[in-house]
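Here's the structure, in structure tokens; my notes come after.
Just so it is clear, none of the values below were taken in a lab; they were calculated from the coordinates. Here the structure is a predicted model, which means the values were calculated and not measured. Note: ideal-geometry Cβ built from the backbone for every residue, glycine included; neighbour counts use all protein chains shown.
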């Protein structure tokens with residue numbers, strides 16, 4: 001009898017602790033995936049990481065991205081760990097405060113993500129040329145000895161005044177957690193990514209392997225122009241491959257939009273554009289070559305109103321004459337701006 005009592009007592013305690021542990025499991029509305037295309041590097045190299053931010057909820061939500069932010073707490077910062085006997089020791093954590101030029105007012109930016117949708121942003125370590133100018137590059141390479149490390153990033157939005165519009169803070173320790181069905185629920189501290197293994201070496205002799213593709217062969221004219229800093233040629237290629245008119249230029253898949261060895265990153269398009277003519281559509285692009293990384297903004301005009309034709313039609317209406325003139329074109333789409341920032 002006593003044996004049965006002990007068995008059922010243990011079973012009850014097991015079920016009780018199981019229920020408690022399940023109650024502590026909480027699914028946040030955001031996930032982070034960190035990747036490093038070239039994980040072996042020296043202290044002299046510029047290192048690019050790519051961070052994919054995913055909306056894990058079942059509805060469309062907005063997220064906060066660094067944008068032109070140039071002061072205050074960082075949205076994203078790095079940690080490096082040494083690992084011995086499966087024991088992780090944090091050996092470096094990046095400052096959570098931005099260290100940038102503040103001549104111009106900057107801010108974080110909103111990005112709308114569909115349910116289960118994602119967006120990818122670049123993060124650069126050791127890009128000293130752009131360190132003071134671009135948020136993406138405002139990450140120093142840690143003063144660590146050569147060796148193997150595990151790296152992750154922290155996403156900490158609470159120091160940004162805009163975070164309250166898209167996120168709901170969830171306590172890590174309260175038994176009853178409050179949630180907001182209209183916002184993304186995040187931990188009250190910081191959300192971390194996965195670990196990425198990197199190797200810091202004294203001298204990097206590892207050559208980047210290049211695999212030619214349909215859009216980027218060995219003799220790719222687009223990459224050749226980028227390597228030579230021939231930005232007029234780069235503009236010309238993008239211009240020629242831009243979509244002008246649905247009926248006159250039916251091919252809309254432009255090869256410059258595909259993956260290229262000399263393109264570090266191409267931003268997503270805007271979440272929306274104004275419905276008045278003309279309106280504008282823009283994207284950011286980061287080129288890389290032997291001289292470093294180059295940040296460019298590209299803009300297109302969508303739709304056009306022909307001013308002179310509009311004036312003639314207006315004159316015709318006053319004179320009660322119907323003129324067969326088309327004064328606007330909805331399908332118009334043309335490159336109008338390409339500049340370094």
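In table form, for the structure just shown:
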quantity	calculated
Candidates 169, 320, 104: whichever shows maximal mean-square fluctuation once the chain is modelled as a Gaussian network with Cα springs under 10 Å	320
Inter-part distance where segment 264-341 and segment 90-165 are each reduced to a Cα centre, Å	32
The chain: relative contact order in percent, alpha carbon pairs under 8 Å with at least 6 residues between	14
CD proxy at 222 nm, helix term only [per DSSP H run n ≥ 4: -39500 (n - 2.57); per residue of the chain; nearest 500]	-5000 deg cm²/dmol
Residue order, fewest to most beta carbons within 10 Å, for 173, 110	173, 110
Relative contact order computed over segment 25-201 (Cα-Cα under 8 Å; 6+ residues apart), in percent	30
Whether segment 221-340 is rounded, prolate or oblate, judged on the alpha carbon gyration tensor where a/c under 1.5 counts as rounded	prolate
Computed FRET value (nearest 0.05) for residue 194 with residue 90, which takes r as the C-beta separation and R₀ as 25 Å	0.95
Net lengthening on full extension, residue 329/residue 179 (0.36 nm per residue, minus Cα-Cα)	49.3 nm
Segment 25-201 shape via C-alpha gyration tensor axes, a/c threshold 1.5	oblate
Label-zone membership for segment 80-118, site residue 133, 7 angstrom Cα→C-beta point, backbone N under 18 Å	99-107
Segment 210-341, relative contact order in percent, only Cα pairs under 8 angstrom and at least six apart counted	23
Rough spin-label spacing in nm, given labels placed 7 Å along Cα→Cβ, for residue 59 and residue 259	3.5
Approximate spin-label separation residue 83-residue 307, in nm, with each point projected 7 Å along Cα-to-Cβ	6.3
Rounded if a/c under 1.5, otherwise prolate or oblate - segment 128-251, Cα gyration tensor axes	oblate
By average C-beta atoms within 10 angstrom, highest first, the peptides 79-85, 323-329	79-85, 323-329
Neighbour-count order for 46, 53, 305, 179, fewest beta carbons within 10 angstrom listed first	179, 305, 46, 53
Where labels lie 7 Å past Cα in the beta-carbon direction, separation of residue 101 and residue 275 in nm	4.0
